[in-house]
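These notes are about the structure you will find just below.
The values are calculated or read from the model by the stated rules, or taken from the named source; none is laboratory data. All of these numbers come straight from a predicted model, not from anything done at the bench. FYI the Cβ positions are ideal-geometry reconstructions off the backbone, even for glycines, and counts take in every protein chain you see.
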Amino acid sequence: MDYGNESVQIFWLKRNLRLQDSEPFFESMRTFRKNGKVLPLYCHEPRLIQQPDVSRQHQLFVHETLEELDAELQSIGGKLLQAVGETVDILDQIHRVHPLTKIWTHQETTQHSQFERDKAVNAWCAVQGVELIETGQNGIVRGFQQPESFADYFALSRLATLRDPTGKDLSERFAPLPFLSCEQKAIPAAAGTDKPLRQKGGRSQAVSNLNRFFQIQPLKKYPFQISSPNTAWEGCSRISTYLAYGIVSDREAFQAVDRVVTEAHGRMNADQFEKFQKNARFFLDRLSWRRKYMQTFEGSPELEFQCMLPQFDGVREADYQRKNLGESFGERSVENADAHFDAWKQGRTGFPYIDAAMRCLNQTGWINMRLRATLVSFATLNLWIPTTKVAEYLATEFLDYEPGIHHVIHQLIAGTTTFSGLMVYDPVKQGKDHDIGGCFIRKWVPELAGLSASDIHNLAETRRQTAQSRERFSYLMYPEAIVDHRQTAKRAKDRIRELRNNDQGRKGGSVEQEIGREEGSQPSLF
């Protein structure tokens with residue numbers, strides 16, 4: 001078929017929304033004389049937008065990022081094509097105007113809906129004779145390849161050349177748009193509403209966070225500030241969302257750590273530097289776990305829908321249904337399961353620390369890791385809500401939702417994996433330990449603002465205080481605790497041990513091997 005136009009390459013942006021340290025972008029630019037000029041493309045896909053783990057905050061964060069990315073492209077002579085439709089249809093439309101030679105993108109470890117989209121694109125490319133090149137990232141391998149150790153991956157990453165095309169004139173390498181980009185009003189809106197206090201999208205926001213955190217003092221304080229929600233907001237790196245959407249690469253984070261360590265080495269004595277190195281390793285351990293979770297999910301993507309241990313499949317779901325039908329499940333008085341789930345989502349469980357966490361999340365799209373674990377533990381153990389139901393809801397609430405991390409961690413906490421330990425977080429003790437004075441609770445549960453530091457974690461006092469606050473401030477009555485947290489935790493632990501002893505075989509890899517083995521490791525910085 002004679003198209004009458006020159007061939008082009010596609011630089012396909014999915015959750016790899018950057019030009020810096022982007023091998024697909026660099027390689028497409030480098031080979032433009034041989035393979036054709038380059039057309040950057042982002043598809044707003046209605047089928048993906050409608051998925052239950054996608055929310056309006058995610059979508060608007062992406063829109064902000066794309067706006068800034070398009071401006072970056074224009075500054076170097078290109079332009080981003082944004083189109084509404086399924087990717088295969090859009091590629092077919094472009095192919096009719098400009099014959100495609102190659103499509104460059106990143107290989108991604110992501111949810112089932114996006115993986116199915118990727119397979120559809122791969123099939124289309126095979127039929128059309130277009131080469132699809134997916135470059136690896138995050139050190140994740142696919143198929144039967146063996147991943148490098150984290151220490152080796154870090155060592156290679158810190159020495160890698162991170163290319164940045166900004167400031168150059170690359171206009172001769174870009175293809176013209178085959179048709180006009182869509183207007184934003186043509187993009188279907190995702191479910192839900194935006195969160196007023198969430199992080200903003202865009203490379204400049206990501207770089208600002210990198211520059212703020214990767215300094216000697218923040219990295220030095222990091223291990224001591226991540227557990228309490230009162231210090232974690234500023235004490236954490238806050239780059240998780242920018243990593244999740246590929247706005248910065250993990251190699252950029254590694255090199256930022258390396259720069260700070262090098263600076264510290266020149267400014268500290270031997271004892272000071274040894275302590276600082278341990279703090280830097282503490283941060284790197286978290287990035288190591290991130291990679292391990294993602295590699296586990298890459299090998300076992302069914303964990304989005306199924307339990308790693310098959311004897312857990314359907315158990316919570318059946319018990320949830322029983323509760324909704326009014327059958328006894330052991331509580332002194334049982335509301336139906338949907339009422340418990342709604343109370344948890346709305347931050348009205350009668351447990352102040354849990355409710356503060358959920359209300360904060362509802363407004364900001366972010367809480368620290370320990371608080372996330374406490375929320376999930378309460379939902380999957382104390383309330384015995386199906387793990388996939390909890391994971392699907394929190395996927396929409398976490399702005400930094402990274403499927404490869406999200407679903408593995410939920411199963412770890414719910415006790416449905418091969419990991420030997422049980423992560424049961426007492427919702428009262430966690431508040432006493434990490435919100436000692438009650439500052440976090442008072443901020444997000446103002447009904448309880450009049451309580452003293454000693455009483456704010458006392459479930460016997462919370463409702464009594466609310467009766468007075470309600471009259472004065474017109475608050476809703478703060479609820480009584482919806483479950484006995486000690487009794488429900490014991491029952492959950494007993495049930496999990498019973499099910500684990502009923503070993504019907506394993507699906508997927510061993511989390512014990514994939515994560516636990518290196519959990520205490522300290523990869524060398526040098």
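Filtered by the rule that a residue be closer than 21 Å to A151 by Cα and among the polar types (S, T, N, Q), the stretch 263-286 gives Q277, N279.
Is there a residue in the stretch 426-444 that is small (G, A, S) and closer than 19 Å to H112 by Cβ? No; the residues of the stretch 426-444 include none that is small (G, A, S) and closer than 19 Å to H112 by Cβ. Out of all the residues in the stretch 157-168, is one or more farther than 20 Å from Y245 by Cβ, touching a Lys or Arg at 6+ places or on another chain (Cβ under 7 Å), touching a residue at least 24 places away in the same chain (Cβ under 8 Å) and not assigned by TED's automatic domain parsing to the domain that holds G246? Yes, that holds for at least one residue. The condition of being part of a helix (DSSP H, G or I), surrounded by 14 or more Cβ atoms within 10 Å (Cβ to Cβ) and in contact with a helix residue (DSSP H, G or I) (Cβ under 9 Å, 6 or more places away or on another chain) holds for R158. Residue under question is K493, and the condition is that it be part of a helix (DSSP H, G or I) and either modelled with pLDDT under 90 or over 21 Å from G347 (Cα atoms) (or both); does it hold? It is true that K493 is part of a helix (DSSP H, G or I) and either modelled with pLDDT under 90 or over 21 Å from G347 (Cα atoms) (or both).
Where helices (runs of 4 or more DSSP H) sit wholly within the stretch 177-267, those with at least 1 residues that are aromatic (F, W, Y) and surrounded by fewer than 17 Cβ atoms within 10 Å (Cβ to Cβ) occupy 216-225, 229-235. Specify the residue that is nearest to E392 (Cα to Cα); the eligible residues are those in the stretch 22-36 that are in contact (Cβ under 8 Å) with a residue 12 or more places away in the chain and surrounded by fewer than 21 Cβ atoms within 10 Å (Cβ to Cβ). Looking at the filtered set, the residue picked out is E23.
Please work out which residue is farthest from H58 (Cα to Cα), limiting yourself to the stretch 377-397 and to residues that are crowded, with 23+ Cβ neighbours inside 10 Å and within 15 Å of the chain's Cα centre (by Cα). That would be V390. Return yes or no: is G415 over 21 Å from H112 (Cβ atoms) and modelled with pLDDT under 95? For G415, the condition - over 21 Å from H112 (Cβ atoms) and modelled with pLDDT under 95 - is not met. Being outside any helix (DSSP H, G or I) and at pLDDT 95 or above narrows it down to one of I94, I103, I90, so name that one. Just a single option satisfies the conditions, and that option is I103. For the stretch 120-132, the criterion of being modelled with pLDDT of 95 or more, closer than 30 Å to S288 by Cα and in a strand (DSSP E or B) is met by at least one residue. Just one of the listed residues (V97, V8, V88) is of a type in the set (A, V, I, L, M) and under 14 Å from F174 (Cβ atoms), namely V8.
Hey, can you tell me all the residues within the stretch 360-375 that are of a type in the set (G, A, S) and more than 24 Å from V424 (Cβ to Cβ)?
Scanning the stretch 360-375 gives a single hit, G365.
Among residues that are aliphatic (A, V, I, L, M), surrounded by 16 or more Cβ atoms within 10 Å (Cβ to Cβ) and under 26 Å from the mean Cα position of the chain (by Cα), V84 is included. Just to be sure I understand, how many residues within the stretch 55-67 are within 13 Å of the chain's Cα centre (by Cα) and either of a type in the set (F, W, Y) or surrounded by fewer than 21 Cβ atoms within 10 Å (Cβ to Cβ) (or both)? Within the stretch 55-67, residues that are within 13 Å of the chain's Cα centre (by Cα) and either of a type in the set (F, W, Y) or surrounded by fewer than 21 Cβ atoms within 10 Å (Cβ to Cβ) (or both) number 0.
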